[in-house]
Amino acid sequence: MTKHQRNVGLFMQKAGQMIPLTQKVKKLRATLILEETKEVLEALGYKITGNCSGGVGLSVTRALDNDHLIKELCDLIVVTTGTAIAFGIDIELYQDLVDQNNLEKIGKSEVRADGKIIKPKGFKSPLERGNWPKLI
């Protein structure tokens, strides 16, 4: 467990967020991630437009605010780390598998017009390869 994970766990204990995983806790985690993601987008200078059923887009609202972006990215990391802790997930173990998998795509993949790397046909994630550790 990293220092950051210990700090987030301590915060969650003090805030009374280390409780059994109920619908209420799952909804809290989802709400926190959504709120922080929105704040990251705002710091990048974008506003979410549209809706989930009709398609979501982004519109430019202002210039990039680096200081605000750093703060909001840190908050997003805190809430996603907290979600992993709430679910009893050793996120570092899984993150290493995902990072390695992403690096394996380089040079084998197509690049979409916006720069996103698309996994090549037949490429499998760690989950699909069967080397994804099961939660106990």
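Restricting to the stretch 112-136, count the residues that are farther than 23 Å from Ala30 by Cα and surrounded by fewer than 10 Cβ atoms within 10 Å (Cβ to Cβ). Selection size over the stretch 112-136: 8.
Taken residue by residue, the stretch 121-134 has at least one member that is outside any helix (DSSP H, G or I), of a type outside the set (S, T, N, Q) and in contact (Cβ under 8 Å) with a residue 24 or more places away in the chain.
Every read-out reported here was derived from the displayed coordinates using simple, explicitly stated rules and does not represent laboratory data. Bear in mind the structure is a predicted one, so any value in this text is a computation, not a measurement. Every residue, glycine as well, gets a Cβ built from its backbone with ideal geometry; the counts of neighbours run over all protein chains shown.
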